[in-house]
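The values are calculated or read from the model by the stated rules, or taken from the named source; none is laboratory data. Computed from a predicted structure; not experimentally measured. For neighbour counting, all protein chains shown are included, and Cβ atoms are generated from backbone atoms with ideal geometry for every residue, glycine included. Keep in mind that these areas ignore ligands, DNA and RNA; they rest on the heavy atoms of the full protein, side chains included. Shrake-Rupley method; radii C 1.70, N 1.55, O 1.52, S 1.80 Å.
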Amino acid sequence: MFAFRQLLAKVRDVMAGEGDGPSRLARIVVVIAAELDAQVCSIYVRRAGEVLELFATEGLKREAVHVTRLRFGEGLIGKVAATGRPMALADAQKHPSFVYRPETGEEIYHSFLGVPILGYARVIGVLAVQSVDRRTYREDEVEALQTVAMVLGQVVLGGDLVNRQELAPAEDIATMPRRLEGLGLNDGIGIGIAVHHRPWQTIRRFVGDDPQVEHGRLQSAVAEMRVSLDDLVGAAGADAHDDYRDVLESYRMIAADAGWLRRIGDAIDTGLTAEAAVQKTTNEIRARLRQASDPYLSERVHDFEDLASRLLQHLLGGPAAGTMPAPDQGIVLVARNIGPTELLNYQGSREGSREDNRQGIRQGNRLCGLILEEGSMTAHAIIVARALDVPVIGHVRDALARIDPGDPVIVDADRAQVFVHPRDDISAAFIAGQAARMQRQAAYAKARDLPAVTRDGVRIGVHMNAGLLVDLEHLEAYGADGVGLYRTEIPFLVRSEMPVRDVQEQLYRRVMEQVGDKPVIFRTLDVGGDKVLSSWQHGDEENPAMGWRAIRVGLDRPALLRHQLSAMIRAAAGRDLAVMFPMLAHVEEFNAARRLLDKEWRAEAERGGTLPRSVRVGAMVEVPSLLFQLPALLSVADFVSVGTNDLLQFLFACDRGSPQMSERYDPLCPIVLNVLADLVEKCSAASVPITVCGEMSVRPVDAMALIGIGFRALSVPPRGIGPIKMMIRNLNLAGVEDYVRTLRTSNELSVRASLAAFARDHGVII
Ligand code: PEP
Ligand code: MG
C-alpha cells in the first residue's frame, strides 16, 4: 500500500517551495507518478470554451504540453470533466470514450485513473495517472488522487496559469453596457454595485502535522458555528417569519449531523488538516447530491456548501464574503449559487427596513439584488430572499465571468434582465421608474382601506394568493379581502421531510391566526410534476405537468391527503374552513376527495375535537375536461376557483413554463373569454360562487375583462392587489360588460389592445 501521508507531505513541500504555478505543476506530476507507482501523471487545465489543455505531464511526450486539447465530454479526460466524477479503468483503450492523440505517445499505457480538479465548486481541470500494466485502482488510491486534485485546485486558481476573464466572451470583458437574461425568481428592481460571492476560502495548509490537534480545531470550529447559527435563529426569531426561521432551524440540524462530522473526522485521520477535510468531504457530498435524480436532493447541495463555508470561516477566520463597495452603495450579489445563511451575511446591519428594500431605496451597504448562474424557486436562499424582499434573477449564464466586481448593475427581476454598466439613459429610466413606482405604492397604500367598488356601486372581492407565512403580511399591507389561494405545497417543498400532521396543523393554525377574520382557502397539495418532494420518489415522466401530480397523488396516496385534511380540520377548530382540490379532471375525483374529508371530519368528531364552525369544499377548474361536466360538478361543489395558469396551458396545449411560448397565446383571446363567460353563467345559474386565482388576473386589463364577463371575485399575487383595486374604483361596470360582450364575437388572437384603448378612453387606470 502506498503511503498517503508521504504523498501529501511531498505535495505540500512543492506547494510551499519556490516557483510559479507552471513550475509547481511540473514538479507535482513527478511526485504523484512516483508515489502512485504510475508511469504517467498529467494535469489538464480548463481554458475558454470548455476546452481542457494539457499543462504538465510526467510520462507523456513533453511536446504535447499546451498542444493536446480536449473538449468537455471528449475522450476520457473530457468525460471526467463533464461528469465531475473520478474514472478508474484497468484498460482505458477498450473504453468507448477513449480517443487517441498521437502527439502524446500514450498508446503503450492501459490503466487510467482520472479525477476532476475543482475550484469554486466548478471543474477547472483534470488530474490523471496512467500505467503500462492493466491494474485496477483501489478506492484509497482514487481518494488520494482526489485529495491531491483539491490541492491543485488552489494552484490553478492562483491566477498565473489562466486568467478568469479568458472564460468570458470577448465583447463582455470591457466596461461596455450589456444586457443579460435569466429567469426571474423574486420580483423587484435593484440598482447597485456587483460583488462576487466566493464561498470558498483559500486553503493554504492541506497536510496536518498532528491529527489530534486537527480534531480539536474541528471541534471548536463546530461549537463556534453552532453558537453563531443559534444567534442567527435567535435574531431571526424577533423579526422574521416562521418559514424563514424554519430554513435556519433545518441548518442547525444539518450542523449537528453526526454523519457529516464523522466523515470530516475520518478525512482528518488520513492526514489532512481540518479545513482540507471539510473541503474534501463537501466535494464528495456535492458530487453525490448532484447525481441525485431527485431535484429536491440535488438542490440541498447548496445547503451543505453553505454550512461547509461557514465552518471554514470558523476554522480559518475572516469572512468568505467578497470585498464590499463603499458603504453608501447597494450591493448586487453575483454567485453561482448561494445558501440562505450566506445570503444573510450580506444583509449587513439590517438597519434598512423591509419597506426600504421593497421600494428600491437602498442606501448604505445593503443587499439590493441577487444574480445567480443557477437557482430555483424551491431553493432555500430564494425563500430567504423573498422574506428580505431582494429581487433575484437565476439562470444567468456565466454571470461570474460576465459581471466583474465593482460593475454598476441594474437587476430588473420583473423582466428577468440584468443591465451591466447600463447606459446613462437606461439608468435614468430605471431611477425614474423607481420614483414612479414609489408614488404608485403610496397611492395604493392610501387606497388600502377603501373597498374595491366600481363607480356604479358593485363590490368586487380582491383576494390574495399566498404560499408562505411571509406572504400573509401583505394581506393587511395591501388591504386584500382574504386569501383566495393558499398553496400548501410550498411549506412542504422547503422541508427535507414530509411535515407530520401535527406540524401541518400548527402551520395552518398560524395561517388562520395571521389572516384573522378574513377568509382563507386552503388548496390541498399540488405536488408532483416538477414540484417534487424529497419524501417520496417517483419515476421520470415525459410530461410532468400532465403527470402524477396534485389530486392524482392525493387520491393514490390517501394517507397523505387524509393527514392534510385532518390537519386543516383541527387547525380550523371553531372557525370557517374552506378547502379546494387542484387539477381535477373528472367530477368523480372531487367526490372521492370529498369523501376523504368527510371521513376525517367524522374521525375528529368521534375523537371529541372541536370541529370547524363551517366547511366549504371547492373545485379548481384547471383541466378542460371538467368544463364538460359542469352540471354534475356544480351540484356537489360549494365553490369554484379557476386556475387559469393550468387551464390555459391545457386549453392551448402550451407549456406555461416555456419562455419560447410565453407570448404565443394571449389570455385575452375571445376563446378564453367565451369559455370563462360560459363557466361564470353556469355557476351563477347554480348559485355556486366562482373566482379566478390564476396569474391572469394580476394584470389590471385582464382583471377588467374578467369582471366584464361576470367575475365578482379575483385572487391575485400580493403585488397585484393595489393596481387592481385602483382599476376597479375607476371602472363603470355596465360599460365594460357591454364592451366585452361585443369583443367575444371577434376572431382575433388577442383583444388586449382594444381593451387597453377602452380603459384609456374611459379613464380606467390600468
Ligand atoms: C393555476 O394553475 O392557475 C393555479 C392557480 O395553480 P398553480 O399556479 O399553483 O398551478
Ligand atoms: Mg394549477
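Multiply the residue separation of R122 and R664 by 0.36 nm, subtract the distance between their alpha-carbon atoms, and state the gained length in nm to one decimal. Each step should come with its number before you reach the end.
Working: separation 542, 0.36 × 542 = 195.12 nm, distance 3.67 nm.
Extra length from R122 to R664 when fully extended: 191.5 nm.
Using the alpha-carbon centroid of each, what span in Å lies between the range 702-727 and the range 419-480? If we compute the Cα centre of each part, the gap is 13 Å. Heavy-atom surface analysis with a 1.4 Å probe gives the range 411-459 a carbon and sulfur content of 55 percent of its accessible area. The accessible surface of the range 6-132, taken with every protein chain in place and a 1.4 Å probe, is 52 percent carbon and sulfur. The length gained by stretching the chain between E541 and Q212 to full extension, at 0.36 nm per residue less their Cα-Cα distance, is 113.4 nm. Rounded to the nearest 10 square angstrom, W548 shows an accessible area of 50 square angstrom against a 1.4 Å probe.
Residues with beta-carbon under 10 Å from that of R752, excluding R752: net charge, scoring Lys, Arg +1 and Asp, Glu -1?
Working: positive: R699; negative: D666, D702, E748.
Neighbourhood net charge equals -2.
Taking the Cα centre of each part, how many Å lie between the range 642-669 and the range 26-81? The range 642-669 and the range 26-81 have Cα centres spaced 50 Å from each other.
Largest first, how would E622, E35, E663 line up by accessible area (1.4 Å probe)?
Values: E622 5, E35 30, E663 165 Å².
Correct descending sequence by accessible area is E663, E35, E622.
Remark: the range 612-742 carries a charge dipole of roughly 460 debye about the Cα centre, counting +1 on each Lys and Arg Cβ and -1 on each Asp and Glu Cβ. Taking the charge dipole of the chain about its Cα centre, with +1 at Lys and Arg Cβ atoms and -1 at Asp and Glu Cβ atoms, the residue from T270, G722, L118 reaching farthest to the positive side is G722.
Taking the Cα centre of the range 457-511 as origin and assigning +1 to Lys and Arg Cβ atoms and -1 to Asp and Glu Cβ atoms, the resulting dipole is close to 100 debye.
3J(HN,Hα) along the range 740-753: 5, 4, 5, 5, 5, 8, 6, 9, 6, 5, 9, 10, 4, 4 Hz, from the Karplus curve 6.51 cos²θ - 1.76 cosθ + 1.60 with θ = phi - 60°, whole Hz, x for Gly and Pro. D678 sits with roughly 60 Å² accessible to a 1.4 Å probe, with DNA, RNA and ligands left out of the calculation. Estimated purely from DSSP H runs of n ≥ 4, each contributing -39500 (n - 2.57), the mean residue ellipticity at 222 nm for the chain is -14000 deg cm²/dmol once divided by its residues.
The accessible-area ordering, largest first, of the residues Y665, Y346 stands as Y665, Y346, per a 1.4 angstrom probe. Counting only protein chain heavy atoms and rolling a 1.4 Å probe, the accessible areas of I108, I426, I460 rank, largest first, as I108, I426, I460. Most simply put, the chain has about 55% antiparallel DSSP beta bridges, counting only bridges with both residues inside it.
Could you sort out which of K79/K280; K61/K280; K10/K79 sit more than 27 Å apart by Cα distance in this structure?
Working: K79/K280 21 Å; K61/K280 32 Å; K10/K79 29 Å.
Going by Cα-Cα distance, K61/K280; K10/K79 fall outside the 27 Å limit.
Per residue, the accessible area of the chain comes to 41 Å² when a 1.4 Å probe rolls over the protein heavy atoms.
Give me the net charge of L450's neighbourhood, meaning all other residues with Cβ under 10 Å from the Cβ of L450; Lys, Arg count +1, Asp, Glu -1.
Values: positive: K446, R448, K725, R729; negative: D449.
Neighbour charge sum, excluding L450 itself: +3.
Placing unit charges on the Cβ atoms of the charged side chains and taking the dipole of the range 410-510 about its Cα centre, the candidate lying farthest along the positive direction among L469, A452, V418 is A452.
Report the charge-dipole magnitude of the range 18-114 in Debye, nearest 20, computed about the Cα centre from +1 at each Lys and Arg Cβ and -1 at each Asp and Glu Cβ. Don't skip to the answer; put the middle values down first.
Values: 12 positive and 13 negative charges, 67 e Å.
Once rounded to the nearest 20, the dipole reads 320 debye.
Proximity of backbone amide H atoms, modeled 1.01 Å from N, is registered between G188 and A413, D414 at under 5 Å, excluding neighbours fewer than 5 places apart on the same chain. Considering only Y665, A619, S687, the residue lying farthest towards the positive end of the dipole of the range 603-762 is S687, judged by Cα position with unit charges set on Cβ.
Give me the percent of accessible area attributable to carbon and sulfur for the range 623-665, probe 1.4 angstrom.
54 percent
Near V213, once Lys and Arg are set to +1 and Asp and Glu to -1 for all other residues with Cβ below 14 Å from its Cβ, the sum equals -3. A 1.4 Å probe, protein heavy atoms only, puts the accessible area of I410 near 0 Å².
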